[in-house]
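Visitor: Provided herewith is a single structure, encoded as structure tokens, for subsequent inquiry.
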Amino acid sequence: MSISAPASSAVSSASVSTASALSQRPWLVAIAGMIAMASAMGIGRFAFTPLLPMMLHDGTVTLTQGSWLAMSNYIGYFVGSLVCMALPWVAKGVVQRWHPARMVRWGLFFTAVLTAAIALQWPDAWASLRFVSGVASAVVFLNITLWCMSQLAHLGRPALGGLVFCGPGLGILVTGLATSGMVTAGWHAVSGWLVFALLAGLFWLLVLPVVRGALAPLPAAQPGAAVAPAAEGPLDRALLTAAYSFAGLGYIVTATYLPVIARGALPQGSVWPDLFWPMFGGGVALGAYLSTHMPMRWDRRKLLMAGYGTQALSIVISFVWPTPVGFALGSILLGLPFTTITFFALQEARRIWPAAISSFPGLLTAAYGLGQIVGPPMVAYMLAHTANTQTGFAYGLAVAAGALVLGMLLYAWMMVRHPQRSV
């Protein structure tokens, strides 16, 4: 016993030292964040999109049931965001014990378990499982963002935070292409869920040794970095929250229904509709990578306006050019600013309200989630109260584009109120 105890202590000490060393390497921090995002968002949230047609083909769900399963996940994401927003204010002790790194590790574990559980033939439990999966996705998304951005800022490499946001796009790309291969091979959806559960488990194991430790302290402002004038306050925070919620509405309507619109417009049996979702994911990853090369001195509100404009343009292109090329271009342009919008919005949130780096991002994510929840029922209402499906989709896409334009106007108002200055 006297020999084994020091050995155990040495192993434990070495493990802590290794974990600490890994978390001090900027590139490893960014890659770990990217993998965590790929699991929580690419699998936990978005793998359902390409697997739903397989579930419909297998007869395990109807289209109406599939819509409710998607809605359950959206609501769970919204609830998880609210919880993350409220905890720093109402349960500081819990936040101290369950710091962001620990929340991420457990959230990723539950993502893998819940993904595997969908493969079980418990259809009555699927809505609850998708709800909890949405909660886990929000918890991981917010906490890995907070931990990585804090750690990278502390290490002097804040721009690498953009790589973290490549994760959802890479997850979407991998699950989309894998699902296409499964369909070609004649697999059933249950096999797809099990494969993605194993992948989520692998991602969890890869993240474990890096994402450790409490939040790094905020560094002093760097020369050339944007700072918030003292006058910026509650109204500016409300404007940012509202503008960000419009991004949720604009994205969800288009991403949800663009594949359906494409299937209706293209010849029956065309292979193109199965490729538009992976194209969207590729655009997401590319846009997030490009964001790492955006100088910190650039006004994030202008970059957000550009992102919203790009997504609005993608809607227009897809609608007026209903061909494989048009839908492909629309899918890529829709994805290109998808996570960069989140990255820049969270940077802006950190700039104008640094004292609430834990709770304000939770509020923004909840607002974005609310936009997602509103979108599908709104389109369903339009489809039920218009002469034909094409007209209903046209109205829905017009509202989505209008929401994005309105968000751009709110950012313009923020810039007029408080032009950016640098230190």
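Visitor: Can you confirm whether LEU240 is open to solvent by 70 Å² or more (accessible area, probe 1.4 Å), at pLDDT 90 or above and not acidic (Asp, Glu)?
Guide: no
Visitor: Within the range 391-414, restricting attention to residues that are in contact (Cβ under 8 Å) with a residue 40 or more places away in the chain and either open to solvent by 40 Å² or more (accessible area, probe 1.4 Å) or touching a strand residue (DSSP E or B) at 6+ places or on another chain (Cβ under 9 Å) (or both), which residue is farthest from ASP236 (Cα to Cα)?
Guide: Restricting to residues being in contact (Cβ under 8 Å) with a residue 40 or more places away in the chain and either open to solvent by 40 Å² or more (accessible area, probe 1.4 Å) or touching a strand residue (DSSP E or B) at 6+ places or on another chain (Cβ under 9 Å) (or both), the top hit is VAL399.
Visitor: Further question on the same structure: For the range 150-162, does any single residue satisfy the condition of being within 15 Å of the chain's Cα centre (by Cα), on the phi < 0 side of the Ramachandran plot and not aromatic (Phe, Trp, Tyr)?
Guide: Looking through the range 150-162, at least one residue is within 15 Å of the chain's Cα centre (by Cα), on the phi < 0 side of the Ramachandran plot and not aromatic (Phe, Trp, Tyr).
Visitor: Follow-up. Report yes if GLY287 is farther than 13 Å from LEU329 by Cα, assigned to a helix (DSSP H, G or I), touching a helix residue (DSSP H, G or I) at 6+ places or on another chain (Cβ under 6 Å) and touching a residue at least 12 places away in the same chain (Cβ under 8 Å), otherwise no.
Guide: So GLY287 passes the test.
Visitor: Could you tell me which residue of the range 95-128 is modelled with the highest pLDDT, considering only residues that are open to solvent by 50 Å² or more (accessible area, probe 1.4 Å) and among the basic types (Lys, Arg)?
Guide: Here the residue is ARG102.
Visitor: Which of the following residues is farther than 26 Å from CYS84 by Cα, open to solvent by 10 Å² or more (accessible area, probe 1.4 Å), touching a residue at least 40 places away in the same chain (Cβ under 8 Å) and out of contact with any Lys or Arg (no Cβ under 6 Å at 6 or more places or on another chain): LEU146, LEU173?
Guide: Going through LEU146, LEU173 in turn, the sole match is LEU173.
Matching residues to (1) in contact with a Gly (Cβ under 8 Å, 6 or more places away or on another chain); (2) at pLDDT below 85; (3) open to solvent by less than 10 Å² (accessible area, probe 1.4 Å):
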site: PRO158; (1), (2), (3): no, yes, no
site: VAL164; (1), (2), (3): yes, no, yes
site: VAL183; (1), (2), (3): no, yes, no
site: GLY192; (1), (2), (3): no, no, yes
site: ALA228; (1), (2), (3): no, yes, no
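Visitor: Any chance you could count how many residues in the range 154-205 are in a helix (DSSP H, G or I) and either of a type in the set (Asp, Glu) or more than 13 Å from GLY33 (Cβ to Cβ) (or both)?
Guide: 33
Visitor: Since THR62 meets every condition but one in (1) under 30 Å from GLY375 (Cα atoms); (2) touching a Leu at 6+ places or on another chain (Cβ under 8 Å); (3) at pLDDT 90 or above, which condition does it not meet?
Guide: (3)
Visitor: Report yes if some residue within the range 346-359 is touching an Asp or Glu at 6+ places or on another chain (Cβ under 6 Å) and open to solvent by less than 50 Å² (accessible area, probe 1.4 Å); otherwise report no.
Guide: Scanning the range 346-359 turns up at least one residue that is touching an Asp or Glu at 6+ places or on another chain (Cβ under 6 Å) and open to solvent by less than 50 Å² (accessible area, probe 1.4 Å).
Visitor: Moving on. Is one or more of the residues making up the range 367-388 farther than 20 Å from GLY80 by Cα, open to solvent by 50 Å² or more (accessible area, probe 1.4 Å) and among the polar types (S, T, N, Q)?
Guide: Checked the range 367-388: at least one residue is farther than 20 Å from GLY80 by Cα, open to solvent by 50 Å² or more (accessible area, probe 1.4 Å) and among the polar types (S, T, N, Q).
Visitor: For a quick check of your reading of the model, give me the residue pairs whose first member lies in the range 251-277 and is within 18 Å of VAL399 (Cα to Cα) and of a type in the set (Asp, Glu), whose second is surrounded by 17 or more Cβ atoms within 10 Å (Cβ to Cβ) and modelled with pLDDT under 75, with beta-carbon atoms closer than 9 Å and at least 6 apart or on different chains.
Guide: Short answer, once both residue conditions are applied: none.
Visitor: Would you confirm whether any residue within the range 387-399 is assigned to a loop (DSSP other than H, G, I, E, B) and modelled with pLDDT under 85?
Guide: Yes: the range 387-399 contains one or more residues that are assigned to a loop (DSSP other than H, G, I, E, B) and modelled with pLDDT under 85.
The values are calculated or read from the model by the stated rules, or taken from the named source; none is laboratory data. These numbers come from a predicted model, not from an experiment. Neighbour counts are summed over all protein chains in view; Cβ atoms, including those assigned to glycine, are modelled from backbone coordinates with ideal geometry. The area values use the complete protein model at the heavy-atom level, side chains included, leaving out ligands, DNA and RNA. Shrake-Rupley method; radii C 1.70, N 1.55, O 1.52, S 1.80 Å.
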